[in-house]
Amino acid sequence: MTTFRLQGEEAVYDGHVMRVVIGTFEGPDGDTFTRDIIRHPGAVAVLPLHVDGTVTLVRQYRAPLDAHMLEIPAGIRDVEGEPTEETAGRELAEEVGLEAAHLEHLVSFHNAPGMSDEVVDVYLATGLRDVDSDAQGPEEEAMTIERHHLDDLGAMIADGRLTDAKTVIAVALVRSR
């Protein structure tokens, strides 16, 4: 395998959630090059599967797309040192008012490894019960909660009604069981 080496980073933007840096690297031939990189704390996503085979989804406004997206509940890993399973449980309660008796880690994936270090940890939530929700921010306060049968989600992916990556991945993994 060829060797690349990070030589350093220069921060060009520090935002609420992410940081943008210009990374300088040395390639296998000794030449240096730069890349724009988004540093992100990571996120969790949860597919809440009810005993009747339905899945709780949220329809939430996503500013970068200027559109409402149908997706599984998710949230940023914004509590330093919090295990991903705890973040997943907290986000499930905050966003959709559910608590899971069982959280099973399904997969960790990189959203866009060509430009970001963000890792998303995806969980399956079962043994669900209602709890109080605690919407955070204008998007969550305005989002709607929907339940769709797991068997219908494949067609929704195929016809473009579900295009969110974390949702597509979670649905594919759970449907393949």
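May I have the pair-distance distribution P(r) for the chain, computed from all Cα-Cα distances with 5 Å bins from 0 and rounded to whole percent?
In whole percents, the pair-distance histogram is 1, 8, 15, 19, 18, 14, 9, 7, 5, 3, 1, 0.
Going 7 Å from the Cα of Met115 in the Cα-to-Cβ direction, what parts of the range 9-50 have a backbone nitrogen less than 12 Å from that spot?
Within reach of a label on Met115, which here means backbone N under 12 Å from a point 7 Å along Cα→Cβ, the range 9-50 contributes 36-39.
What is the extension gain from Ala101 to Val12, computed as 0.36 nm multiplied by their sequence separation minus the C-alpha to C-alpha distance, in nm to one decimal?
On the way: separation 89, 0.36 × 89 = 32.04 nm, distance 4.30 nm.
Contour length minus Cα-Cα distance gives 27.7 nm.
Between Leu65 and Asp130, what FRET efficiency comes out of the Förster formula 1/(1 + (r/R0)^6) with R0 = 30 Å and r the beta carbon distance, rounded to 0.05? The partial results should precede the final answer.
Values: r = 30 Å, r/R0 = 1.01.
Using R0 = 30 Å, I get an efficiency of 0.50.
Between Thr34 and Ala158, 0.36 nm times their residue separation minus their Cα-Cα distance comes to what? Present the calculation step by step, with values, prior to reporting the outcome.
On the way: separation 124, 0.36 × 124 = 44.64 nm, distance 3.77 nm.
Difference between extended and current length: 40.9 nm.
So what is the accessible area of the range 93-177 per residue, in Å², with the probe set to 1.4 Å? Write down the numbers at each step before the final one.
Working: 4720 Å² over 85 residues.
Accessible area per residue: 56 Å².
Can you pull the percent of the chain's accessible area that's carbon plus sulfur, 1.4 Å probe, other chains left in place?
Its accessible area is 51 percent carbon and sulfur atoms.
So if I take the alpha carbon set of the range 4-77, get Rg, then get Rh from the Kirkwood formula, what is the Rg over Rh ratio?
Numbers: Rg = 18.8 Å, Rh = 15.7 Å.
With Rg and the Kirkwood Rh in hand, the quotient comes to 1.20.
The values are calculated or read from the model by the stated rules, or taken from the named source; none is laboratory data. Bear in mind that the values here come from a model prediction, so they are computed numbers and not experimental data. All Cβ positions, glycine included, derive from the backbone under ideal geometry; neighbour counts span all protein chains shown. Side chains are part of the model used for accessible areas, which takes the heavy atoms of the whole protein and leaves out ligands, DNA and RNA. Shrake-Rupley method; radii C 1.70, N 1.55, O 1.52, S 1.80 Å.
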